[in-house]
Every structure is written in C-alpha cells, then in structure tokens.
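*Asks:* There's a structure below that I have some questions on.
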Amino acid sequence: MKIFTTRFDIEQHLLQSRNAGKTIGFVPTMGALHQGHLSLISQARQHNDEIVCSIFVNPTQFNDPKDLEKYPRTIEADIKLLEQAGCDVLFNPPVNEIYGGNDHWRLDIGETEFLLEGKFRPGHYQGVMQVVYKLFSIVKPDDAFFGQKDYQQFLVISKMVDHFKMPVKLVMCPIMREPDGLAMSSRNVHLTTSDRLHALVLSRTLNWVRRNFNINDMLRLKSEAEQMIEAEEDVELDYFEIADGETLHPATERSKTIVALVAAKVGKTRLIDNVILTTDS
Ligand code: AMP
C-alpha cells in the first residue's frame, strides 16, 4: 500500500493511475478502523481498480473540542488493517494540508443540515461537507463509499455532490454490527463494560420497531421505542425518529423510504444507529 501525506504527492500518483485507465474508488474515514470501515474497502474493490482510503480526523466537524481531543487515533493498527484488506493507497494528511487560513465557506443545502443530528451538533454537517469537498477535489474518485450508519451524512453529501455537479457516484453500504447487534463504531472503545451492555438497547429497539413496523401506526411505535430507550439505565436519548428517508421529516404513509434513526448518550459516549424499514426498490 502506498501512503501519502501531501496533496501534491497523492494527486501526482492518482493522475498516473487515471492515465493508465484505472477507475478510483474512495473510502473517506477518520481512522480507528473496524470491520465497518473494512466492509467499505471490500465494496470498493468490487467496483473499482484502485482503492484509496483517507484517514483524517476532521477538526471542523467536531462541535465539542473535548470530543475531538479524545477521538481514538490508532494509525499503526489502521495501516496493517488496510494492507490486509487490499487497500492500494492511504491518504493521511496533517491538518494544514487540508485547511488553509481562509476556510469559512458554507453551503446552503436546506433543512437536512439542521434536523436530527444537525440539531444536536450545530455546524457538524458544514464541517463534513468542507472536508468531503476537499477530499473529493484531491482524489477525484469515480465512486465513493459511505456507511448507512451515518444515514443523514449520506444525504448531506449527496446534496453537496448534486449542488456542485461533482462527477462521483456515491454508494451506501450496510451497517456492520457486533454479534450482539451493537453497530460498530470507532467510539465504542470509550464504552465501559456496563455501558457496552446498556448500549444494546439501541439496536434492540430498532429491531423491535422493524419487527412491529406498521405504516398506519408509526406514532405509537415511535413513542414505545422512546420509552424503551429512556427506561434503560445510563442511557440519555437525544432523539428517536421514524422518518422519511429523503426529507428526514416524520414519515407519512406516502414516504417511499422509511428509516428509524436514533441517537443517545450511553454513559459519556454518544452513539447513533438506524434501520431502513421500507424502500421503494
Ligand atoms: P468514520 O471514520 O466514523 O467517519 O466513518 C467512515 C465511514 O465508515 C463512514 O462512511 C461511516 O458511515 C462508515 N461506517 C462507520 N461505522 C460503520 C459500520 N458499523 N458499518 C458500515 N459503515 C460504517
């Protein structure tokens, strides 16, 4: 695997790859890699000739400086995992390679930015759009792979790509879970043994909603799901929503895609999870 830390070097390398007729698949991450990230690499391998992964803990998407400071960083282990997964190129730039002094642009993508996660993490999605825009401009991927785990992030990035008419295809990949159902996340390392048990209420509740899903009774389901989560010790619910998969507004019987999304603090760690209940495909 080739490792680049400067924009110039990776751009030169990928220019040669493109000139040789290779297609580029891109998996942006913040590192502390787990099987969820690796599943994106393996999807990318099925679509593209050359696979690029970035590891960059993006400061502009953290609204809490303490969260940024304690975000897990495990670069040596990440490099080994990426090599085993067959990744061709790692881009691991320092902050000043991505951000100059004058990075105050914002993009108006409408209300998607402000709902659900956006309400609890003001500015978060502007930071996500900034970094993904910059990474796309450097890597110029044919396809880019993102997890359903960050469902709203996928919508936000899709809107940004539409806005700038960027020539990249976005692919949403399924959520990888631990055997007991917990959605894999870099933040799971912060869970204590008892947090780890309490955290299971999230996937358990989403599963319960999926099993009992009935399009005419979504309000009751939502309220029972909220009660189940609120009853769990050491779990503080931020939101539980059964939403239209495109607008993220509460779903109606006419919604084509319906998604149940949850965010909660378990002990000191904030977790998100979701399940797609219906799609039109
Ligand atoms: P992160 O490093 O947390 O920014 O995540 C990088 C990418 O991995 C994002 O597209 C996430 O949605 C995706 N991802 C994170 N956790 C999982 C998971 N459990 N299953 C599948 N994809 C995931």
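*Asks:* Could you grab me the full set of residues in region 40-52 that are open to solvent by less than 20 Å² (accessible area, probe 1.4 Å) and either under 14 Å from the mean Cα position of the chain (by Cα) or touching a residue at least 40 places away in the same chain (Cβ under 8 Å) (or both)?
*Replies:* Leu40, Ile41, Ala44, Asn48, Val52, listed by residue number.
*Asks:* Return yes or no: is Lys70 crowded, with 20+ Cβ neighbours inside 10 Å and among the basic types (Lys, Arg)?
*Replies:* In short, no.
*Asks:* Also: Report whether or not Ala44 is more than 9 Å from the ligand (Cβ to nearest atom), under 19 Å from Leu135 (Cβ atoms) and small (Gly, Ala, Ser).
*Replies:* When the stated conditions are applied, Ala44 passes them.
*Asks:* I've got another one for you. Got a sec? Which of Ile24, Ile3 is away from the ligand (no atom under 16 Å from the Cβ), open to solvent by 70 Å² or more (accessible area, probe 1.4 Å) and touching a strand residue (DSSP E or B) at 6+ places or on another chain (Cβ under 7 Å)?
*Replies:* Testing whether each residue is away from the ligand (no atom under 16 Å from the Cβ), open to solvent by 70 Å² or more (accessible area, probe 1.4 Å) and touching a strand residue (DSSP E or B) at 6+ places or on another chain (Cβ under 7 Å) leaves just Ile3.
*Asks:* Separate question: Quick one: which residue in Asn216, Asn207 is modelled with pLDDT under 95, open to solvent by 20 Å² or more (accessible area, probe 1.4 Å) and outside the structural domain of Gln43 (by TED's automatic domain parsing)?
*Replies:* Asn216
*Asks:* Determine whether region 189-197 contains at least one residue that is open to solvent by less than 30 Å² (accessible area, probe 1.4 Å), touching a residue at least 24 places away in the same chain (Cβ under 8 Å) and outside the structural domain of Asn96 (by TED's automatic domain parsing).
*Replies:* Yes; the residues of region 189-197 include at least one that is open to solvent by less than 30 Å² (accessible area, probe 1.4 Å), touching a residue at least 24 places away in the same chain (Cβ under 8 Å) and outside the structural domain of Asn96 (by TED's automatic domain parsing).
*Asks:* Only one of these conditions is not met by Gln130: (1) within 13 Å of the ligand (Cβ to nearest atom); (2) under 30 Å from Leu15 (Cβ atoms); (3) touching a Ser or Thr at 6+ places or on another chain (Cβ under 7 Å). Which number is it?
*Replies:* Every listed condition holds for Gln130 apart from (1).
*Asks:* Right, another one. So, of the residues in region 147-166 that are within 10 Å of the ligand (Cβ to nearest atom) and open to solvent by 10 Å² or more (accessible area, probe 1.4 Å), which turns out to be nearest to Val89 (Cα to Cα)?
*Replies:* Within region 147-166, the match that is nearest to Val89 (Cα to Cα) is Gly147.
*Asks:* Here is a further query. Would it be correct to say that Phe213 is under 30 Å from Leu107 (Cβ atoms) and among the aromatic types (Phe, Trp, Tyr)?
*Replies:* No.
*Asks:* I want to confirm something. Restricting to region 167-177 and keeping residues that are more than 9 Å from the ligand (Cβ to nearest atom) and open to solvent by 30 Å² or more (accessible area, probe 1.4 Å), which single residue is farthest from Ala77 (Cα to Cα)?
*Replies:* Pro167
*Asks:* Would a scan of region 237-245 turn up a residue that is at pLDDT 95 or above, aliphatic (A, V, I, L, M) and touching a Ser or Thr at 6+ places or on another chain (Cβ under 6 Å)?
*Replies:* no
The values are calculated or read from the model by the stated rules, or taken from the named source; none is laboratory data. These numbers were taken from a predicted model, which means no experiment stands behind them. Don't worry about glycine lacking a Cβ; one is built from the backbone with ideal geometry, like all the others, and counts go over all protein chains shown. Ligands, DNA and RNA are excluded from the accessible area calculation, which covers all protein heavy atoms including side chains. Shrake-Rupley method; radii C 1.70, N 1.55, O 1.52, S 1.80 Å.
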